[in-house]
Amino acid sequence: MRLLIPALLALTFVGCSCQRQAEADAPAADTATMPATDDAAARARVDAAKRADAQNQQRLDAMNEAVNKLHLYLQQLSSGKREEADKHWAYERTPRGNEEADLRSIKQFTAMRIENDTPKQLDKEAMPESLEIPVELRVSVADGESRRYTGWYRMRRNPIDRSWELTATSLSVKLQ
């Protein structure tokens, strides 16, 4: 019996150490699964941020494309290429009456400076389909006169070829 007591004590300690080892392993298993879920959530946030950045970049690219088309129109108008400039208008129409003030009545430009503000999106689409671009033009004509125009141009995407077209304008001469 004397031998049995030390053996039982030894088994008690061995049993305790096994239990402690099992308890020590349980938190390690929890921490191993936590980073995996945290990594998945972090990856999802990073992916969502990348998609938002890509969409914002596409929006900026679309607006830059519209502004570039407007600048091309005004450059062609000022260089006397009116037939080419008129092709930028939707529905094959040109500005009526005084929509462009007297800009179209100028026969010979010596210089034109085009400044525009940030385009304003007129629709609620994720990618702009309709924009209003505020402009300020400084025009020098052949007799040395200098004129300033302020206003806006409206543009829309052509539903067939997805290019930007002019749809409306409102310019007025700014008194100096």
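The values are calculated or read from the model by the stated rules, or taken from the named source; none is laboratory data. These figures come from a predicted structure and were not determined experimentally. With ideal geometry, Cβ positions are generated from the backbone for all residues, glycine too; neighbour counts draw on all protein chains shown. These accessible areas exclude ligands, DNA and RNA; they are computed on the full protein's heavy atoms, side chains included. Shrake-Rupley method; radii C 1.70, N 1.55, O 1.52, S 1.80 Å.
In table form, for the structure just shown:
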{"item": "Residue in segment 38-58 that is within 28 Å of Lys174 (Cβ to Cβ), surrounded by 13 or more Cβ atoms within 10 Å (Cβ to Cβ) and under 26 Å from the mean Cα position of the chain (by Cα) present", "result": "no"}
{"item": "Qualifying residue in segment 131-152 (condition: on the phi > 0 side of the Ramachandran plot and open to solvent by 50 Å² or more (accessible area, probe 1.4 Å))", "result": "yes"}
{"item": "Condition met for Leu77 (part of a helix (DSSP H, G or I), free of Cβ contacts under 8 Å to residues at least 24 places away in the same chain and either open to solvent by less than 80 Å² (accessible area, probe 1.4 Å) or in contact with a Lys or Arg (Cβ under 8 Å, 6 or more places away or on another chain) (or both))", "result": "no"}
{"item": "Condition met for Leu74 (of a type in the set (A, V, I, L, M, F, W, C), within 27 Å of Asp53 (Cβ to Cβ) and modelled with pLDDT of 95 or more)", "result": "no"}
{"item": "Condition check for Glu84: under 27 Å from Ser146 (Cβ atoms), open to solvent by 80 Å² or more (accessible area, probe 1.4 Å), out of contact with any Asp or Glu (no Cβ under 6 Å at 6 or more places or on another chain) and of a type in the set (D, E, K, R)", "result": "yes"}
{"item": "Output for segment 86-101, where each listed residue is out of contact with any strand residue (DSSP E or B) (no Cβ under 7 Å at 6 or more places or on another chain) and either within 14 Å of Arg156 (Cβ to Cβ) or part of a loop (DSSP other than H, G, I, E, B) (or both)", "result": "Lys87, Tyr91, Arg93, Thr94, Arg96, Gly97, Asn98"}
{"item": "Residues of segment 102-137 classified as of a type in the set (Val, Ile, Thr), closer than 12 Å to Tyr153 by Cβ and out of contact with any His (no Cβ under 8 Å at 6 or more places or on another chain), total", "result": "2"}
{"item": "Residues of segment 153-169 satisfying the condition of being open to solvent by 40 Å² or more (accessible area, probe 1.4 Å) and assigned to a loop (DSSP other than H, G, I, E, B)", "result": "Pro159, Ile160, Asp161, Arg162"}
{"item": "Any hit, segment 13-25, residues being at pLDDT 90 or above and over 30 Å from Ile106 (Cα atoms)", "result": "no"}
{"item": "Residue in segment 112-130 that is nearest to Tyr149 (Cα to Cα), counting only those that are open to solvent by 60 Å² or more (accessible area, probe 1.4 Å) and outside any strand (DSSP E or B)", "result": "Asp117"}
